[in-house]
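Please read the structure below before turning to the comments.
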Amino acid sequence: MLKARGERGCCDRCAGATATADAARVARRRLLKDAIFRPQAALMPESDDWLGQDPGGIHAGVAAGSDRAAGGPPPDPAPLPRAVTGTVLDVSPHVLMIGEPGGRPGSEQRFALTSDATTWRGTQLEPTELRQGDRVVVRLHPTRRGVADRIWANIGRVTGTIIEHTSEFMVVDEGVTRRRQIVVIPPRAAGRIQVRFPTLQPGYLIDIIGLRGPDALEGLIPATSQPAYPAGRLPEAPLVSGHVPDAISGSATWHERAGEPPGVLGVAYPALDPATGCAEDAARGHPHARMPYLAVGSVLLVRNDCNGASCALPVTGCAAVARLFNDRCVTCGTSPRGRVADLTEASFVALGGELDKGCFNATITIGR
């Protein structure tokens, strides 16, 4: 099977750490990273009033945990759905059981399946068509604990620049902080994808959702329309006079986890401060939306403009590829141009996003 080429390093590195100041900066960065990425169960409040409890021990994502961890403002009083990730252990017409293969006894979680529950695994399915071993993201019913509302199985996404294209596969560069990806487009999806991405040639951008396999993504859904420009010739962002506003609108997308724990809450940011040593090439362009530089550990209040849900989330990493896309989200109306947040799966789902749709119209506010 094909293997992705060009393994890349992670975001948690910098050069020249011999000086005292540099050493202190590295130590602080590692502390911030540990605070963000420690197991979600350790972040959960003890009160049963929060939707974020995880008594079964499986990683779960909710607003409450991230707000406490980041020291940011409290979440919106409106309850957010809970997002849970895991592997299907068993499924029946009425119950879904998920956990981790080889996990400790008692760590499994069971969720009721109602007639309204829906499942996506390349297409819309009945929940009973899930298979043992499927990796799932489950959104629970916002007002009924233990009831699965929406399930996505084996969903994956590749966003970046095409660097190689053959009749059988593409190699896509997702940025220097992530490994390169192999995308295979099956004949049944080729027409749909090429309507939105007519130029499947090296140097052009692509953003595809599909089924994640062990070595490649089976591309099925175009997540946006292909920008007309090559990645190396980005259009200039419009000049804006005055200060950068506290609230910035655009589109919020999601990314597959790469080195992140399952269910982690957070947001990758398109304008991470170069001093953080994220190793992304700042010359590749600036976000189309005018955005201030932030560091890992900063807090963003992310609002889903389609349903009004909001959540304070820590910045967990780079989203340099997001700044290459000068597109809009049309989930509800038309957003301003530019991607302003690249959420983890759990954060995107908890804010009401549909993973198979790829984005929602969003407004971010910089935490104080």
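The values are calculated or read from the model by the stated rules, or taken from the named source; none is laboratory data. Small disclaimer: the values here were computed from a predicted structure and weren't measured. Methodologically, a virtual Cβ is constructed for each residue, glycine included, from the backbone with ideal geometry; neighbour enumeration extends over all protein chains shown.
Of all the listed residues (Arg337, Arg303), the sole one being at pLDDT 95 or above, of a type in the set (D, E, K, R) and farther than 22 Å from Val172 by Cβ is Arg303. With respect to Pro105, determine if the residue is surrounded by fewer than 16 Cβ atoms within 10 Å (Cβ to Cβ), at pLDDT 50 or above, in a loop (DSSP other than H, G, I, E, B) and over 20 Å from the mean Cα position of the chain (by Cα). So Pro105 fits the description; yes.
Scanning the stretch 187-234 for residues that are of a type in the set (Gly, Ala, Ser), surrounded by 20 or more Cβ atoms within 10 Å (Cβ to Cβ) and part of a loop (DSSP other than H, G, I, E, B) yields Ala216, Ala223, Ala231. Under the condition of being of a type in the set (D, E, K, R) and in a loop (DSSP other than H, G, I, E, B), which residue from the stretch 327-368 is surrounded by the fewest Cβ atoms within 10 Å (Cβ to Cβ)? If we take residues in the stretch 327-368 being of a type in the set (D, E, K, R) and in a loop (DSSP other than H, G, I, E, B), then Arg368 is surrounded by the fewest Cβ atoms within 10 Å (Cβ to Cβ).
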